[in-house]
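The values are calculated or read from the model by the stated rules, or taken from the named source; none is laboratory data. As the structure is a prediction and not an experimental result, all values here were calculated from the model. Cβ placement follows ideal geometry from the backbone for every residue including glycine, while neighbour counts extend to all protein chains displayed. Remember, those area values only see protein heavy atoms, side chains included, never the ligands or the DNA or RNA. Shrake-Rupley method; radii C 1.70, N 1.55, O 1.52, S 1.80 Å.
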Amino acid sequence: MRQYWIDVRSRAVPVALLALAMLAITAGVSSAHGGGTPQLSDVEAGPFRLFVWTSPEPWRAGGEAHVTVAVTSLDAAGQTIPVDDASVAIELAPAGTPERAIVLAATPLAGAGVGFYEGDTSLSQAGEWDVSVKVSAAAGTGDAGFVYQVMPGSQINWLLWLGGALAVLAVVGYFGTRRIKPSPA
Amino acid sequence: MHPLLKALFSPWELRWEILIPLLILGSIYAIGWVRLRRQSRRQKVATRWRMVAYYTGLASLALALMSPIDWLGSQLLIMHMVQHKILVMVSAPLIWLGNPFPVAMWGIPRPARNGVTLALAGDSLVRRGLTLISQPAICWLVFTFIYLGWHDAGPYDLALRVEWVHNLEHITFFLGAMLFWWPVVNGAPRLHKSMPYWGRILYVLAFVPPNAIAGFAIANSPDVIYTYYNTVPRLFGMTALEDQMIGGAIMWVWSSEMMIDVVVIMLGVMFYREKKHKARPAVAAHTHPVHHAGHVEVAG
């Protein structure tokens, strides 16, 4: 019985580590904590000044598309201040087909200061997309946009790479722990 | 309240890819520490101060990577510099001071312990590889190359734009710093003859000029070097150039000051050991020798 528990414990640790590693990979993909490719910087949109970043770089068909928006305005002294009561909508449509637009209601960016909003989606096809950011707040409304070239879906099979990496680790582990026979003098 | 101070008190972002490894490392150390303490309270491997150093090191990693410092780093060079300094100048040496290797060896299951022992025993490939990369000169060169290389405008801006590059930057900074501090703290596993204290003093002092030159160049640049910061809203009452000036000064002063602190500590240890060494014959003449059974010293 005791041997059974020792076996279970010795297996449980690598299995738990593998599960945690998988969880970490998943969590890493979905989290976005600042940064990204600047698409709009200090662009006037009604009473606001907008800053927009996209990530990952580049967007790929079928993959994640993340948009971060900073909504600011200028106070009487000309100092940039964040707008924290804004309602931000992000519209993404394949070029020339506004009727196929995906509309995201951006939410305040977690773990960040006020005035930052974010939205996530997945884009179905490669090619040019029109991205438009519409902001409304007590001060008024405004919008700004840009064009993004979405790349074809990734051909990389990450599972295959992960399997390959594990195989390499196993080989290194096996040969790395072997003692090298001393050469005859 | 100043907007930067207000932002620093924002909620932390729970990043599982950071939190879970920290919890695993913390748990393994805790198990090993308790096991070693049960064996003997007189051993020097798992002491209270080492435990405090180790967990402070882990906590500083969490502070750098999950607190608002992380997000603010994408808005201000100052905060990005602070984040990097915590990773390389605080977390890495504190974790080494916790003597993690022997303690963790007692915290992992026996098959894993056997595996690690096999990997490091005799003349295995792993041991030969580790011995090669842990030579002080290589540790110094690798860290200095990583540290200065990432401060080039191209990689730095790329890291701010692309998340996986940013993560790679932090991982290489931390691992490079672990390599750099290894011979200084003289942590286990010890694969080389320990560097004498004067050697360690020269080793850390040698890092001051390249760091100071880089920090000085950043602080005194007439143009914004990291152009990414031109594209973010200036919400904290300073221009991108002012931000860069202070950021460069942080890089220059913090790291140099840290190295000088290490030199002072090393000199203190040298004088203490010298004093102890001189006092020993007098003490030995008046007392009987004491043998501590089960005394283990892996990193002292």
From (1) closer than 30 Å to residue A:54 by Cβ; (2) modelled with pLDDT of 80 or more; (3) away from chain B (no Cβ under 14 Å), pick out the condition that doesn't hold for residue A:159. (2)
Determine whether residue A:103 is open to solvent by 40 Å² or more (accessible area, probe 1.4 Å), over 17 Å from residue A:38 (Cα atoms) and either in contact with a Ser or Thr (Cβ under 6 Å, 6 or more places away or on another chain) or part of a strand (DSSP E or B) (or both). yes
Hey, any hits in region A:7-21 for a residue that's modelled with pLDDT of 90 or more, exposed (fewer than 15 other Cβ atoms within 10 Å of the Cβ) and either closer than 24 Å to residue A:135 by Cα or not charged (D, E, K, R) (or both)? no
Could you tell me whether any residue of region B:176-196 is more than 14 Å from chain A (Cβ to nearest Cβ) and farther than 29 Å from residue B:116 by Cα? no
Going through region A:80-90 one residue at a time, which ones are open to solvent by less than 70 Å² (accessible area, probe 1.4 Å) and either part of a loop (DSSP other than H, G, I, E, B) or of a type in the set (A, V, I, L, M) (or both)? A:81, A:83, A:86, A:88, A:89, A:90
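What are the residues in region A:30-50 that are surrounded by 15 or more Cβ atoms within 10 Å (Cβ to Cβ) and either at pLDDT below 90 or assigned to a helix (DSSP H, G or I) (or both), if any?
Selection gives A:31, A:32, A:33, A:34, A:35, A:36.
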Among the residues in region B:92-103, are any more than 20 Å from residue B:262 (Cβ to Cβ), open to solvent by less than 10 Å² (accessible area, probe 1.4 Å) and of a type in the set (Gly, Ala, Ser)? no
Consider region B:1-24. How many of its residues are at pLDDT 90 or above and open to solvent by 80 Å² or more (accessible area, probe 1.4 Å)? 1
Subset of region B:225-235, residues open to solvent by 20 Å² or more (accessible area, probe 1.4 Å) and within 14 Å of chain A (Cβ to nearest Cβ), comes to B:227, B:230, B:231, B:234
Being within 27 Å of the chain's Cα centre (by Cα), hydroxyl-bearing (Ser, Thr, Tyr) and more than 14 Å from chain A (Cβ to nearest Cβ): is that true of residue B:221 here? no
Hey, among the residues in region B:137-154 that are assigned to a helix (DSSP H, G or I) and open to solvent by 40 Å² or more (accessible area, probe 1.4 Å), which one's nearest to residue B:72 (Cα to Cα)? B:154
Hits in region B:199-224 - residues which are in contact (Cβ under 8 Å) with a residue 40 or more places away in the chain and open to solvent by 50 Å² or more (accessible area, probe 1.4 Å): B:205
Within region A:51-63, considering residues that are touching a Ser or Thr at 6+ places or on another chain (Cβ under 6 Å) and open to solvent by 30 Å² or more (accessible area, probe 1.4 Å), the one farthest from the other protein chains (Cβ to nearest Cβ): A:60
Just checking: which of the helices (runs of 4 or more DSSP H) contained wholly in region B:161-220 hold 1 or more residues that are closer than 24 Å to residue B:232 by Cβ and among the β-branched types (Val, Ile, Thr)? B:163-185, B:208-219
Name the pairs whose Cβ atoms lie under 7 Å apart, with the first residue in region B:146-165 and away from chain A (no Cβ under 14 Å), the second β-branched (Val, Ile, Thr) and open to solvent by 30 Å² or more (accessible area, probe 1.4 Å), and 6 or more positions between them or separate chains? B:146/B:172; B:153/B:225
Is region B:62-77 home to any residue that is open to solvent by 20 Å² or more (accessible area, probe 1.4 Å), within 14 Å of chain A (Cβ to nearest Cβ), among the acidic types (Asp, Glu) and within 30 Å of residue B:236 (Cα to Cα)? no
Within region A:123-151, residues being touching a residue at least 60 places away in the same chain (Cβ under 8 Å) and open to solvent by 70 Å² or more (accessible area, probe 1.4 Å) number 6
Within region B:104-136, which residues are of a type outside the set (Gly, Ala, Ser), away from chain A (no Cβ under 11 Å) and either open to solvent by less than 70 Å² (accessible area, probe 1.4 Å) or touching a His at 6+ places or on another chain (Cβ under 7 Å) (or both)? B:105, B:131, B:135, B:136
Selected residue (only one of B:36, B:23 is on the phi < 0 side of the Ramachandran plot and free of Cβ contacts under 8 Å to residues at least 12 places away in the same chain): B:23
